[in-house]
Amino acid sequence: MAKRAVLPWLLLALCFVALKQAFVPNAELRTEDLQHLQRRAAPEELPRRALLAALFTVEGAGAAGAAEAKTVLVAGATGQTGRRIVERLAKQGGLAVIGGVRDVTKAKSELGKSSIAIRGAMVDEVKAVDTKGVELKTLDVAKDAVDTLAATLTGTDALIIATGFVPGNPFAMNAEAHAVDNLGTKALVDAAKKSGVSKIVLVSSILTNGRGWGQENSPGFQVTNAFGQVLDEKLETEKYLRASGIDYTIVRPGGLKASAPAGGLVVSKEDTLNSGEISRDLVADVSIAAVFDSKASNKVVEIIEDENIQQPSKDKWFASI
């Protein structure tokens, strides 16, 4: 009787398998679970929760959110890296692309024209961006409350943060860097969590944690951090994001240049690069790839260019980190 009684449970299991394959294509019934069911003598010995849990084991569920992103918002869309990210996302197709900007009217004008921009020690040639198909929304990390930012992010699957304070008044740089690269970006992380964003890519900088691995006296750290102690501010935000519980990728580029890539991409682990340059074009490419590549999940990558190597295939960018 006991052996005959287990048959309905096996039939039920097979029904669950069929339903699972129809509605949860990434799930699979493990062979050992089915063998366990067959060995059971009576249904009262088969824990029902264990059966259901075994039947609906989904492989790779944690990385699915990033890979399935359909709506991507870029904070800092008028910046020199942000505008490149927006343009590439718009050309990718199949995505709803939102540019987060402080002033929508001004952003439409700025994105549509070429110019020369001076940012700290860098002089950038800014090219016009084709924003066809891009929705612009007001987003100001230095002024907006968390609830306001969360309302802007509602419906967004992935957030790429390409904000950063622009050095200006030397007597106000510390306060501005703290407001944008620390407090403002932390507020954006809080808003993303509140609005249900499943993936955050943060564009940061190499040597952000320079003090942590003995690089505080290196030329790269000294020069960059002279502008508002910005590396120290970025580090606080990186730590905050990593503790947020949201799937993240932190992209730390070397010195930024406006010209096209002149070499192959070097992707390294955190706290390993203290010099090197990289095209903003490549930074944009890596930031976008991090949204959709599950191998980038919860990782910190440092990137520069090397003229002596070939460009590695995109599927290998995050594989070794």
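Restricting attention to region 284-309, the residues that are buried (at least 18 other Cβ atoms within 10 Å of the Cβ), of a type in the set (V, I, T) and more than 20 Å from T71 (Cα to Cα) total 4.
Taken together, E302, E277 contain a single residue that is farther than 20 Å from I160 by Cα and touching a Lys or Arg at 6+ places or on another chain (Cβ under 9 Å), which is E277.
Just one of the listed residues (L153, L95, L136, L111) is closer than 24 Å to V283 by Cα, modelled with pLDDT under 95 and of a type in the set (A, V, I, L, M, F, W, C), namely L111.
Taking every residue in region 201-222 that is farther than 18 Å from T163 by Cα and of a type in the set (D, E) and pairing it with any residue that is at pLDDT 95 or above and open to solvent by less than 10 Å² (accessible area, probe 1.4 Å), at least 6 positions away or on another chain, the pairs with Cβ-Cβ distances below 6 Å are E216/G210. For region 252-265, taking the residues that are open to solvent by 30 Å² or more (accessible area, probe 1.4 Å), part of a strand (DSSP E or B) and touching a strand residue (DSSP E or B) at 6+ places or on another chain (Cβ under 6 Å), the one that is farthest from V301 (Cα to Cα) is identified as K257. Filter region 209-251 for residues that are of a type in the set (D, E), assigned to a helix (DSSP H, G or I) and either open to solvent by 10 Å² or more (accessible area, probe 1.4 Å) or over 16 Å from E270 (Cβ atoms) (or both) and give the result. Those that are of a type in the set (D, E), assigned to a helix (DSSP H, G or I) and either open to solvent by 10 Å² or more (accessible area, probe 1.4 Å) or over 16 Å from E270 (Cβ atoms) (or both): D232, E233, E236. The selection criterion, being touching a His at 6+ places or on another chain (Cβ under 9 Å) and not acidic (D, E), holds for F165.
The values are calculated or read from the model by the stated rules, or taken from the named source; none is laboratory data. Being a predicted model, the structure only gives us computed values, none of them experimental. Cβ: placed from backbone, ideal geometry, glycine included. Neighbour counts: every protein chain shown. Ligands, DNA and RNA are excluded from the accessible area calculation, which covers all protein heavy atoms including side chains. Shrake-Rupley method; radii C 1.70, N 1.55, O 1.52, S 1.80 Å.
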